[in-house]
Amino acid sequence: MLPALALTWSFTPHAIATTCRRTLATLSARTERIGALPGRRTFANTVLALENATADASDALAAPTFLAIVSSDAAVRDAANACATRFADALAKLDARPGLYAAVKAAARTHTARDVYDRKLTQLWLVAMRRAGAGLTPAARRESVALQGELNALETRFGENLANDRSSVTFNRAAMRGIPADLRRGYRQRNGAYVVPVNESTLWFLHDAVDPSARKSYYLVYERRAAKANVPIFQRAIAIRDRLAHIYGYESWADYRLANRMVGTLPRAQKFLRDLHAALHPAVAEEIGAMRAAIRRDENDPNATLQPWDVQRGETLLERADGVNEDAIRQYFPAGPTIARILDVFHVLLGVDFARVAHPHVWAPGVLEYRVTDAQTQRLLGITYFDLYPRPGKFGHFENVPILPVRTVGASRVPVAAIVGNWPAPEHGEPSLLTHGDVVDFFHEFGHDMAALLATAPYETLSDGFREDFVEAPSQMLENFAWQPAILRRISGNWRTGEALPNALIAKLVASRSITDAYETDRLVTLATIDLQYHSMGPDVDTTAVWAATSAKMLPLLYVPGTYPQVAFAHMMAGYDAGLYAYPWAKVYAADLFTAFAGPHLLDPSVGLRYRDDILAPARTYEPDVEVRRFLGRPMSPDAFFAELGIRTAATPLPGGSR
């Protein structure tokens, strides 16, 4: 049985800096020795040696750098971010070293890689080093390393600015009409008014607030968070990325990024988005019309227009018109019991046990720790943490963080992952009550969590995720479970009575799934289109003007003059630059993967085990289309995706089609 690596969370800023300095010095010394080895190059003395050197450094810095997004101590976060930037710089320099690149190429020519894992690891190292500029001239390589270092620092600072943003809006009692009482009680009051923080954890305000002027006030503040600092940071990042692309021999950053993904080319990604937008357009127009009509009824104004701050309210009103009341539904999803029931679902489906640690060793009060074991063999598979409530300075979105990927060669130990979120905190003796949307979000991140913990490839580089445009498919696939009546009955329980969601309410909730599904998908398509424009237009991009013009052409409800949604939406500075198309792209795969679980196979352990073995376990060892074909017994088909959206044609050239 692989051991669990004991992680320390009580780092001081000084300890983080010291650990970082020593770890990077050790990494530098080890890689220097690898580069200077005399004699014949082999997989073991070169590729595996590099893998173990970088993996050891990653393991040593996993906990101190993770604190950058979860610590409440600003000094600790600053030190952790500084270390993360230094580590990213060190890896960029390592990948760009021509001597090491030549050594890996020489090792590959000896054919000493023993199996599929060794061969794939060698391939990934070669690709990473070539794409990092190891084959460039010395001057070009020096420039690329310097620019990459600046880019790493900018991305870190961008995230810090959002995390440290303390925007809020003060509302009188009238403006809070429609907000559930338990949520109102959670906010500070000043002179009889409520001070509502504006961040990811309070977006419910746009769904529930009856007063359109209150929604507008909240929306405008949300879309301006940290904009003064982050707009110039973002625009500088785009310029750096463009220069790097040209150094690497590509026309644009989008061309560079997409060349190493399933989609392959920028024209193919653009065509995918154009065709999907066209296919969605009739349904989107219908859904916008329905939301507009709902707002008019709600405001008793036949001339009311649908504004960007009305969209979430319009969606909620349509759900309520169909008998779905999120406030009523929330009563059936108290956070603690809901998590326990969801874990039981995946105990059955994936054959894993989740044992909550009674006295967890964690970084903040309230964080949950679980030991994850194989249900049949009781073998320890990994450790997972759930950090689900807001704290000052904490990461503002909901995400799964693979703190330690699985590793069975070198310093063998099980993987560690954490779901970091911002659900409404429990208040006044009452539990945190979740919307169904919150539950769907947890299923999504839990999909990432299982991908991180159930990978079995022996090397960190192989077990750490998938191709970037497939990485969302396992998480999006699990979202489907949160819409199945049998699952909803199983995971729900009224926090007062314990009774499950009534069948009638379940039926209405499931029927509501498609109410604005086309709109939400087209929203992703529009954001992805903007993203690819940012990263294919050269170094001098007016990001606000591009956002405004593109949304006006495709989906006007995504922009209000005077706001800066490009920086309120942080993904393009957190690894998804030229990558937002991956959400709708992976959604096509996710819908098809779920067909294996449909009907009587919903909780079929044999299907769950095949999913573990064919998709999650190999991780990056094989290409996604190979893994999907193995699991489904056929190539990927977009039919389930189109059916989910109510679109009858499958003529759009989606993933799996010809290039």
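Points to keep in mind about this one:
- Listed here are the helices (runs of 4 or more DSSP H) enclosed by the range 98-203 that have at least 3 residues being closer than 25 Å to residue 232 by Cα and acidic (Asp, Glu): 138-163.
- Among residues of the range 168-187, those that are loosely packed, with under 15 Cβ neighbours inside 10 Å and over 18 Å from residue 221 (Cα atoms), counted: 5
- Residue count for the range 364-401 satisfying the condition of being more than 23 Å from residue 161 (Cα to Cα) and out of contact with any Ser or Thr (no Cβ under 7 Å at 6 or more places or on another chain): 17.
- Residue tally, condition within 19 Å of residue 487 (Cα to Cα), surrounded by fewer than 21 Cβ atoms within 10 Å (Cβ to Cβ) and not polar (S, T, N, Q), over the range 391-440: 2
Condition check ((1) crowded, with 21+ Cβ neighbours inside 10 Å; (2) under 22 Å from the mean Cα position of the chain (by Cα)) across all residues:
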{"position": "200", "(1), (2)": "no, yes"}
{"position": "212", "(1), (2)": "no, no"}
{"position": "223", "(1), (2)": "yes, yes"}
{"position": "245", "(1), (2)": "yes, no"}
{"position": "249", "(1), (2)": "no, no"}
{"position": "253", "(1), (2)": "yes, yes"}
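Yes or no, residue by residue, for (1) among the aliphatic types (A, V, I, L, M); (2) within 28 Å of residue 577 (Cα to Cα):
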site	(1), (2)
277	no, yes
284	yes, yes
298	no, no
315	no, no
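Okay, residues lined up against (1) touching a His at 6+ places or on another chain (Cβ under 9 Å); (2) in a helix (DSSP H, G or I); (3) more than 19 Å from residue 440 (Cα to Cα):
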{"residue": "312", "(1), (2), (3)": "yes, yes, no"}
{"residue": "315", "(1), (2), (3)": "yes, yes, no"}
{"residue": "318", "(1), (2), (3)": "no, yes, no"}
{"residue": "324", "(1), (2), (3)": "yes, no, no"}
{"residue": "327", "(1), (2), (3)": "no, yes, no"}
{"residue": "337", "(1), (2), (3)": "no, yes, no"}
{"residue": "342", "(1), (2), (3)": "no, yes, no"}
{"residue": "347", "(1), (2), (3)": "no, yes, no"}
{"residue": "353", "(1), (2), (3)": "yes, no, yes"}
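This table checks each residue for (1) closer than 26 Å to residue 496 by Cα; (2) modelled with pLDDT of 95 or more; (3) within 20 Å of the chain's Cα centre (by Cα).
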| residue | (1), (2), (3) |
| --- | --- |
| 366 | yes, no, no |
| 374 | no, yes, no |
| 390 | yes, no, yes |
| 398 | no, no, yes |
| 410 | no, no, no |
| 414 | no, no, no |
| 429 | yes, no, no |
| 432 | yes, no, no |
| 451 | no, yes, yes |
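- Criterion applied to 500, 486 was being at pLDDT 95 or above and either touching a helix residue (DSSP H, G or I) at 6+ places or on another chain (Cβ under 8 Å) or surrounded by 21 or more Cβ atoms within 10 Å (Cβ to Cβ) (or both), and the one residue passing it is 500.
- Within the range 225-261, being assigned to a loop (DSSP other than H, G, I, E, B), among the basic types (Lys, Arg) and in contact with a Leu (Cβ under 7 Å, 6 or more places away or on another chain) holds for one residue alone: 225.
- Answer from 295, 288, 329 - the residue that is of a type in the set (A, V, I, L, M) and modelled with pLDDT under 95: 329
- Close pairs (8 angstrom Cβ cut-off, 6 or more residues apart or separate chains): acidic (Asp, Glu) in the range 220-236, part of a helix (DSSP H, G or I) anywhere: 223/565; 223/568
- Taking the range 225-243 as the range and being surrounded by fewer than 22 Cβ atoms within 10 Å (Cβ to Cβ) and of a type in the set (S, T, N, Q) as the test, only 235 passes.
- Looking across 567, 588, one residue alone is under 26 Å from residue 244 (Cα atoms), buried (at least 17 other Cβ atoms within 10 Å of the Cβ), touching a helix residue (DSSP H, G or I) at 6+ places or on another chain (Cβ under 9 Å) and among the hydrophobic types (A, V, I, L, M, F, W, C). It is 567.
- Among the criteria (1) surrounded by 15 or more Cβ atoms within 10 Å (Cβ to Cβ); (2) more than 30 Å from residue 418 (Cα to Cα), the one residue 302 does not fulfil is (1).
- Residue within the range 65-78 that is buried (at least 22 other Cβ atoms within 10 Å of the Cβ), modelled with pLDDT of 95 or more and closer than 21 Å to residue 461 by Cα present: yes
- Of the candidates 366, 351, 336, the single residue that is in contact with a strand residue (DSSP E or B) (Cβ under 7 Å, 6 or more places away or on another chain), of a type in the set (Gly, Ala, Ser) and in the same structural domain as residue 477 (by TED's automatic domain parsing) is 351.
- Residue in the range 41-59 that is over 31 Å from the mean Cα position of the chain (by Cα), at negative phi, in a loop (DSSP other than H, G, I, E, B) and not assigned by TED's automatic domain parsing to the domain that holds residue 406 present: yes
- Among the conditions (1) assigned to a helix (DSSP H, G or I); (2) crowded, with 17+ Cβ neighbours inside 10 Å, residue 363 misses just one, which is (1).
- All conditions but one from (1) within 25 Å of residue 608 (Cα to Cα); (2) of a type in the set (D, E, K, R); (3) in contact (Cβ under 8 Å) with a residue 24 or more places away in the chain; (4) touching a Pro at 6+ places or on another chain (Cβ under 7 Å) apply to residue 369; the one that does not is (3).
- Hits in the range 317-360 - residues which are buried (at least 17 other Cβ atoms within 10 Å of the Cβ), of a type outside the set (Lys, Arg) and under 30 Å from residue 290 (Cα atoms): 317, 318, 319, 324, 326, 327, 329, 331, 332, 333
The values are calculated or read from the model by the stated rules, or taken from the named source; none is laboratory data. Keep in mind that what you see is a predicted model, and the values were worked out from it rather than measured. Methodologically, a virtual Cβ is constructed for each residue, glycine included, from the backbone with ideal geometry; neighbour enumeration extends over all protein chains shown.
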